[in-house]
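Here's the structure we're looking at; comments come further down.
The values are calculated or read from the model by the stated rules, or taken from the named source; none is laboratory data. Remember, predicted model here, so these are calculated numbers, not experimental data. Neighbour counts run over all protein chains shown; Cβ positions are idealised from the backbone, glycine included. The accessibility values were calculated without ligands, DNA or RNA, using every heavy atom of the protein model including side chains. Shrake-Rupley method; radii C 1.70, N 1.55, O 1.52, S 1.80 Å.
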Amino acid sequence: QEAPARPMLMEDRRVALASHVFHRGDADLPGRELPRVVPGILGTGRTVHIKEGSGRLELAQTIASPDNVLTARVIVNRVWNWHFGSPLVDTPSDFGVRTQLPVQAALLDWLASWFIHSGGSIKSLHRLILGSATWQQSSRDRPECRHTDPDNTLLWRMNPRRLCFEA
């Protein structure tokens, strides 16, 4: 099979298509036209109107905005998971209303706030976590702590882990 003569790429339409609410879900029965917006549920809490083009620029700016705490929480949670082997939020890909609240919610909020105010530097986030007393503590068992928190959700010790092949 031959390679295509030119690479496949995406190009915005010159005029964006309007979206409609379909009556009873039937595409042949378009109802009122919907405004073109980035929904506020994506983290900023307010809708962002799309003025021209596809809206991908507005979407990217909304996701990467310093006002978007959700993005900072997701990044912090994933970096924490990388280092500790378990995330602060049990469902790293779902921070929705159906998930359980994290046991360390205050820690997650503080780390996300710190991450935003530090300029979003992942390298600085690694340094902060690896320089913390939580990361540097022993994996020694303490019966009084194990009795209160058998699953170590309050991080009273470092959970022993196997080294990966690369390390």
Residue in segment 81-98 that is modelled with the highest pLDDT, counting only those that are surrounded by 13 or more Cβ atoms within 10 Å (Cβ to Cβ) and over 18 Å from ALA133 (Cα atoms): VAL89
Members of segment 124-156 found to be at pLDDT 90 or above, of a type in the set (Asp, Glu) and within 17 Å of LEU107 (Cβ to Cβ), listed by number: ASP149
Quick one: in segment 38-80, of everything that is surrounded by fewer than 18 Cβ atoms within 10 Å (Cβ to Cβ) and charged (D, E, K, R), which residue is modelled with the lowest pLDDT? GLU52
Within segment 124-167, which residues are of a type in the set (Phe, Trp, Tyr) and either open to solvent by less than 60 Å² (accessible area, probe 1.4 Å) or closer than 27 Å to ALA72 by Cα (or both)? TRP135, TRP156
If HIS20 satisfies all but one of (1) open to solvent by less than 100 Å² (accessible area, probe 1.4 Å); (2) modelled with pLDDT of 90 or more; (3) assigned to a strand (DSSP E or B), what's the number of the condition it fails? (2)
